[in-house]
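Contents: one structure, followed by commentary.
The values are calculated or read from the model by the stated rules, or taken from the named source; none is laboratory data. Owing to the predicted nature of the structure, the values given are computational and were not obtained by experimental measurement. Quick reminder, even Gly has a Cβ in these numbers, built from the backbone with ideal geometry, and neighbours come from all protein chains shown.
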Amino acid sequence: MLKFLSKVKIEFNALDPRVASCMEFLAQCNARKAKESNPACQVLVKRRTDDFPPQITVTFVNGVEEAFDATSTPAQAIRTMILEKGQLLETEQMFREAGEKWPVIIPEEELRQFAPGTKCPKILIEFCVSFSAAAIRLNVAYARVFCGKI
């Protein structure tokens with residue numbers, strides 16, 4: 001999880017009964033496996049004395065910062081969101097390193113085109129259909145994550 005992040009800031013009042021998500025997320029960040037995935041990631045803990053609600057702020061390696069309200073978001077949900085966005089970052093980086101434009105947008109009509117005169121083995125057809133569906137999901141996920149539609 002930390003391999004996609006450059007900084008994690010966890011803010012909470014230790015006496016607040018709503019700190020469970022912050023404490024669980026902090027434990028995940030301090031796990032040996034997480035630290036080994038990115039030793040350069042800064043994990044900052046700010047213990048507050050006011051009534052400020054528990055908050056987790058993460059900064060991705062590309063500089064995008066996102067804050068989570070830890071009173072209403074479970075630590076596992078935050079971790080899942082980080083992993084999903086991280087996978088999109090990896091995919092984007094892969095395309096850019098290959099010299100391709102990002103995001104890759106495949107027009108709907110191209111996805112449905114039939115190629116007359118070609119005969120493909122069934123396994124190849126199944127792969128092509130799976131790949132097209134994955135490309136659509138990837139573009140939709142990209143739009144949701146990076147265009148603020150979540």
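Determine whether region 51-73 contains at least one residue that is out of contact with any Ser or Thr (no Cβ under 6 Å at 6 or more places or on another chain), within 11 Å of Met1 (Cβ to Cβ) and in a helix (DSSP H, G or I). Looking through region 51-73, none of the residues is out of contact with any Ser or Thr (no Cβ under 6 Å at 6 or more places or on another chain), within 11 Å of Met1 (Cβ to Cβ) and in a helix (DSSP H, G or I). Considered as a group, the residues in region 1-26 that are in contact with a Ser or Thr (Cβ under 7 Å, 6 or more places away or on another chain) and at pLDDT 95 or above include one that is nearest to Arg48 (Cα to Cα), and that residue is Lys9.
In region 73-82, is there at least one residue being in the same structural domain as Leu15 (by TED's automatic domain parsing) and of a type in the set (D, E, K, R)? Yes, there is a match, as at least one residue in region 73-82 is in the same structural domain as Leu15 (by TED's automatic domain parsing) and of a type in the set (D, E, K, R). Screening Glu100, Glu65 for residues that are among the charged types (D, E, K, R), modelled with pLDDT of 90 or more and either in the same structural domain as Asn13 (by TED's automatic domain parsing) or farther than 17 Å from Ile10 by Cα (or both) leaves exactly one candidate, Glu65. When Arg79 is tested against (1) modelled with pLDDT of 85 or more; (2) part of a loop (DSSP other than H, G, I, E, B), just one condition goes unmet, and that condition is (2). Scoring Gln87 on the criteria (1) of a type outside the set (A, V, I, L, M); (2) over 13 Å from Leu5 (Cα atoms); (3) without any contact (Cβ under 8 Å) to a residue 24 or more places away in the chain leaves a single failure, condition (2). Inspection of region 27-47 finds a residue satisfying the criterion of being in a loop (DSSP other than H, G, I, E, B), surrounded by 16 or more Cβ atoms within 10 Å (Cβ to Cβ) and modelled with pLDDT under 95.
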